[in-house]
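Written below as structure tokens is the structure these notes are about.
The values are calculated or read from the model by the stated rules, or taken from the named source; none is laboratory data. Because the structure is a prediction, the values reported are computed rather than measured. Every residue, glycine among them, receives a Cβ derived from its backbone with ideal geometry; neighbour counts consider all protein chains shown. Surface accessibility is based on the protein's heavy atoms, side chains included, excluding ligands, DNA and RNA. Shrake-Rupley method; radii C 1.70, N 1.55, O 1.52, S 1.80 Å.
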Amino acid sequence: MSPDKMFLPDFNAAHIESYFDNDFAVIMEVFKITDENLQDDLNEIQKAFENKDFHSLKSGIHKIKPVFVIAGLTETEQEVNGFYSLCLRSSLFEEISNEYTELRPKLIRAKSLIHEQSNLFQSYPEKYL
């Protein structure tokens, strides 16, 4: 099976392959680890938002920024970077509240895509790697 058939259409396969130097065993492991841990990070970010804890919200977003670069989710990466930049420019929670509300469903969708991609990877026999 060719590597380009291993990725769902939402992912930038060329970026991922290049980032990991075409090491599909590592790619699969990174997706698995990300899938297992991203939900906890998203929950912490949501909790920070609900508590209006600006500092923790900004820190949580900063923590997950690399996930979308590594995962090749270009659109989500841009959205997260834009929100983080807004956080850096803002000093009040109210200045970022609406933007976070718009970002949250995109983060949930990205988590779902990463989960789906991880499951897809796990279904490939070793002989394809």
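So between GLU102 and VAL26, what do we pick up on full extension, going 0.36 nm a residue minus the alpha carbon distance?
24.1 nm
Just to be sure I follow the rule: in the chain, considering lysines 8 or more places apart or on different chains, how many pairs have Cα atoms under 28 Å apart?
Within the chain, the lysine pair count is 28.
I want to verify a result. In a Gaussian network model of the chain, Cα cutoff 10 Å, which of these has the top mean-square fluctuation: TYR19, TYR84, TYR100?
In the Gaussian network model the winner is TYR19.
Can you tell me the Rg and the Dmax, both Å, for the Cα atoms in the stretch 19-96?
Final numbers for Rg and Dmax: 14.1, 44 Å.
Rounded to a whole number, what % of the accessible area of the chain do carbon and sulfur atoms account for, probe 1.4 Å?
Here it works out to 49 percent.
Mind checking the per residue accessible area of the stretch 52-129 for me, 1.4 Å probe, whole number of Å²?
Here the per-residue accessible area is 56 Å².
Please give the direction-averaged projected area of the C-alpha convex hull for the stretch 7-60, in square nanometres with one decimal.
Details: hull surface 18.6 nm².
Result: a mean projected hull area of 4.6 nm².
Of the residues LEU88, LEU42, LEU57, which exhibits the maximal mean-square fluctuation in a Gaussian network model of the chain defined by a 10 Å Cα contact cut-off?
Checking each option, the largest mean-square fluctuation is seen for LEU88.
So, R0 is 22 Å and r is the distance between the beta-carbons of SER85 and HIS15; what FRET efficiency does that work out to, to 0.05?
Here the calculated transfer efficiency is 0.55.
So how tilted is helix 74-89 from the main axis of the chain? Cα-based, degrees 0 to 90, rounded to 10.
The angle comes out at about 20 degrees.
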